[in-house]
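Asker: One structure follows; several queries about it will come next.
The values are calculated or read from the model by the stated rules, or taken from the named source; none is laboratory data. Remember, predicted model here, so these are calculated numbers, not experimental data. Because the Cβ atoms are built from the backbone with ideal geometry, glycine has one as well, and the counts that use them run over all protein chains shown. Keep in mind that these areas ignore ligands, DNA and RNA; they rest on the heavy atoms of the full protein, side chains included. Shrake-Rupley method; radii C 1.70, N 1.55, O 1.52, S 1.80 Å.
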Amino acid sequence: MAPYPAASVHWPFPLTALEHGSFVFAGLLIYVLVTRAAQQHRHPSAAIAWVMIIGLFPYIGIPLFLLFGSRKFVRPGHKPPISASINASEEAPVWAMESLNAMDIPPPTHNSSIVFHKDGIESREALVSLIEGAQRSIDLCTFILRADVIGAAVVDSLIGRARQGVRVRVLLDAIGSMQISRRQIASLRQAGVVVRWFMPVLHNPLRGRLNLRNHRKLLVIDDAYLWSGGRNLAAEYFIDIGEFPAWVDLSFVVHGALAMQAKMVFDLDWHAASGKRREAHRKALSHEPPDVFFAQSHQSPGALESTELTNSACAQLVPSGPDHADDTVYALLLAAAYHARHRIMAVTPYFVPDEALLAAWCMACRRGVQLTLVLPKRSNHRLADLARERALRALVDAGAQVYLSPAMIHAKAVVIDGELALCGSVNLDGRSLFLNFELMTAFYSPTQIEWLATWTEQQVLRSSAYQASPPSWGRDVVEGVVRAVGFQL
């Protein structure tokens, strides 16, 4: 019998093996050149994911990377850093001032008052009062504006002021605010409110990347008042909903020069939403932000006239995201971990740090710093709860105190010794630290630092201590897989 013919092996690609390999090599070379030339730090999970996509599916992965892979719109500059105001920075620790100054963050400002809100009801009253007291301008940026009782109240107040001749601009993240009704948007526009969507799903990729979302929350009134913090404009952030209590969150109002700095941040985002990011960025950098507050030039909205003033409340905006060459909040947290002498207190809904930040916090614990971390026992993202377990066990092993709150905590706050406190929109995970447009405020005056420290201690009293235990083999595998994509949580 004649032998069977040898089975032929068919190469599955239209190119030869050598040509296909060269294409893959070229794709990986493009990845290295683009990421290194722009000096873009990447979360290890993101880097591994892009390399695997380019290596396994190069004909799809390379175009996807070129369209969506970059996470920074600004390259590190070579101009001298902004000169910090000595008067404004007397209360700020030197290491923080030097770090932020090196990253071109505008200097701290003196403000007439900074008022934190004890709960969502107080925050809602302040928010609505500020809007209804506006005389000239209202600039609102939020990740979520929902069609519920809170969203409707905000929309109605904005419409009312616009009809009275106040200039009103609203910037909404196109993904976060998808649930707002078209009728509400139409009503806003009919009243004269200018509404822009930040990076819609279908947009010119040259104007931004779909995975880079605007997570900032700020309201600027008459360039004199700033409402900010972690609250989105939806009911669960302010009030109880049936049997479900309101989420634990933080917000505050600043009366002072910080509002002008926030206005500059808003203007950059506003122009970015229309595709004019570079032009707006150059224009912003050509003007020094104010470092003093001329209180006499502004009239207080009626609802806040009786607010007790805190003289010389020193604070500084710390924006982060693709519009900054550096990962500003991340870098500040790393510096704080190595400069802290006594305590680090942190509250966050999601805790998925990268290896460098986790190592810095563990080292701080080992050298005697008391580190206290408060998280919700169960957040609104189950995957985030799974991804945090390895980091929590490492912290506890290093000597940290971790507490789990029975309530859903959405607040984001960090207190370093008695020198610095941060509050705003940044979660302690890869997406907030490396991808999103975010906004934190650094507080340097003892009054605000002590308020946030006391508030954090109150959350500790309402929580139970985290009990670390070795995971089963299956659990460990699941945690590892989930943590591998943690930067997307």
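Asker: Taking only the alpha-carbon atoms of the range 345-417, what semi-axes of the equivalent ellipsoid follow from 5 times the gyration tensor eigenvalues under a square root, in whole Å, largest first?
Answerer: Taking √(5λ) for each eigenvalue gives 20, 13, 10 Å, largest first.
Asker: State the percent of C-alpha pairs, over all pairs in the range 159-259, separated by a distance greater than 15 angstrom.
Answerer: 72
Asker: Turning to a different aspect of this structure: Length gain on complete extension for the stretch PHE244 to TYR59, per 0.36 nm per residue less the alpha carbon to alpha carbon distance?
Answerer: That pair, PHE244 and TYR59, stretches by 61.8 nm at full extension.
Asker: What does the net charge come to around ILE180 if you take all other residues with beta carbon closer than 13 Å to its beta carbon, with K and R at +1 and D and E at -1?
Answerer: So the environment of ILE180 carries a net charge of +2.
Asker: So if I take the centroid of the Cα atoms in the range 156-181 and the same for the range 342-382, what is the distance between those two points in Å?
Answerer: If we compute the Cα centre of each part, the gap is 36 Å.
Asker: Less than 10 Å Cβ to Cβ from ALA259, Lys/Arg counted +1 and Asp/Glu -1: what total charge do the surrounding residues give?
Answerer: -2
Asker: What FRET efficiency comes out for the pair ASP267/ASP476, r = Cβ-Cβ distance, R0 = 56 Å, nearest 0.05?
Answerer: The value I calculate is 0.75.
Asker: Moving on to the next point. Mind checking Rg over Rh on the range 393-476, alpha carbons, Kirkwood formula for Rh?
Answerer: The Rg/Rh ratio comes out at 1.02.
Asker: Could I ask something else about it? Full-extension gain between ALA186 and THR447, please, as 0.36 nm times their residue separation minus the C-alpha to C-alpha distance.
Answerer: 89.7 nm
Asker: Still on this structure, please answer the following. Work out the FRET efficiency for LEU383 and THR16 from their Cβ-Cβ distance, taking R0 = 60 Å, and round it to the nearest 0.05.
Answerer: Numbers: r = 42 Å, r/R0 = 0.69.
The formula returns an efficiency of 0.90 here.
Asker: Label the range 326-465 by shape, choosing from rounded, prolate and oblate, from the square roots a ≥ b ≥ c of the eigenvalues of the Cα gyration tensor; if a/c is under 1.5 it is rounded, and otherwise prolate applies when a/b is larger than b/c, oblate when it is not.
Answerer: Working: a/c = 1.15, a/b = 1.12, b/c = 1.03.
It is rounded, given that a/c, with a ≥ b ≥ c, falls under 1.5.
Asker: Could you tell me the accessible area of LYS377 in Å² (1.4 Å probe, neighbours in place), rounded to the nearest ten?
Answerer: For LYS377, the solvent-accessible surface is approximately 130 Å².
Asker: Does the range 90-220 classify as rounded, prolate or oblate by the C-alpha gyration tensor (a ≥ b ≥ c root eigenvalues; a/c under 1.5 gives rounded; else a/b over b/c gives prolate, otherwise oblate)? Walk me through the numbers before you get to the answer.
Answerer: Details: a/c = 2.03, a/b = 1.28, b/c = 1.59.
It comes out oblate by the Cα gyration axes.
Asker: Quick one: net charge of PRO471's neighbours, Cβ under 9 Å, K/R +1, D/E -1?
Answerer: Once all neighbours under 9 Å are counted, the net charge is 0.
Asker: If amide hydrogens are placed 1.01 Å from N in the peptide plane, which non-local residues have theirs closer than 5 Å to the one on ARG343?
Answerer: GLN370, ASP417
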